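So the structure is just underneath, and the comments pick up after that.
Throughout, read-outs are computed from the coordinates displayed, never taken from laboratory work. Computed from a predicted model, the values in this text were never measured in an experiment.
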Amino acid sequence: MILWSKFLLASISLFWGRKLYWALAGLSSCWVGIQFIFKIFPHPSNQTVIIGAVAFGLIGVMVALFIKHLLVMIAGFIVGGYAFTQICTILHVSMTSLSYWGVFIIGGFILAAFFMIFFELVLIFATALCGAYIFYQMLPFERNINIAILIIPFFLGINYQFTHMRNDQVQRFKNIDLDRFLQKSMKNRS
């Protein structure tokens, strides 16, 4: 049962994550709720598990729908700050405590802005990576083989979601052009 639920969650994330991110947030929150209930209560009843999963799922859906841009901006800030400080560490740049936080804040603002500007693309990469990682966890092979196999569903998910995003954009532009044409033709008749 758990294997099938992981497979379903990974597939939704890989192929429909951009469109169904709110459902993905709800399913992920349900999963976290179940894990949380089992950590708090040693032997919870089925009703407790269901109530906890539904409560966490609803909270996840509400957060995903109402404050998605804020969450993306916060995630971008944290990832950007961490990434920039790690790059400085890899390049052996010596930093004081003050310069460390300066680099963290500058990197955070840069990546937060990037995440907000390219929200759809970030959503595609994040959901494809999430789905691929769930598949990675399900594989019984050695770690190195799993990592090589992780790349395949990641790129398949990105390709599928990009293709559908482009089709949606083309259709949207066709509708805009049709609306403009109809408005101009109505003005010309008057």
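Can you give me the relative contact order of the range 52-143 as a percent, contacts being Cα pairs under 8 Å and 6 or more apart?
Rounded, it is 32 percent for the range 52-143.
Sticking to Cα atoms, compute the Rg of the range 2-189 to one decimal and its Dmax as the biggest Cα-Cα distance, whole number, in Å.
Every Cα atom of the range 2-189 included, Rg and Dmax give 21.4, 75 Å.
Relative contact order of the chain, please, whole-number percent, based on alpha carbon pairs below 8 angstrom and at least 6 residues apart.
Computed over the chain, the figure is 27 percent.
Lysine pairs in the chain with Cα distance under 26 Å, only those 8 or more apart or on different chains: how many are there? Walk me through the intermediate numbers first.
Working: Lys6/Lys19; Lys6/Lys39; Lys6/Lys68; Lys19/Lys68; Lys19/Lys174; Lys174/Lys184; Lys174/Lys187.
Lysine pair count for the chain: 7.
In deg cm²/dmol, rounded to 500, what helix-only [θ] at 222 nm does the chain give when every DSSP H run of at least 4 residues adds -39500 (n - 2.57) and the total is split over its residues?
Rounded to the nearest 500, the figure is -31000 deg cm²/dmol.
In whole angstrom, note down how far apart the Cα centers of the range 65-92 and the range 130-150 are.
Comparing the Cα centres of the range 65-92 and the range 130-150, I get a distance of 25 Å.
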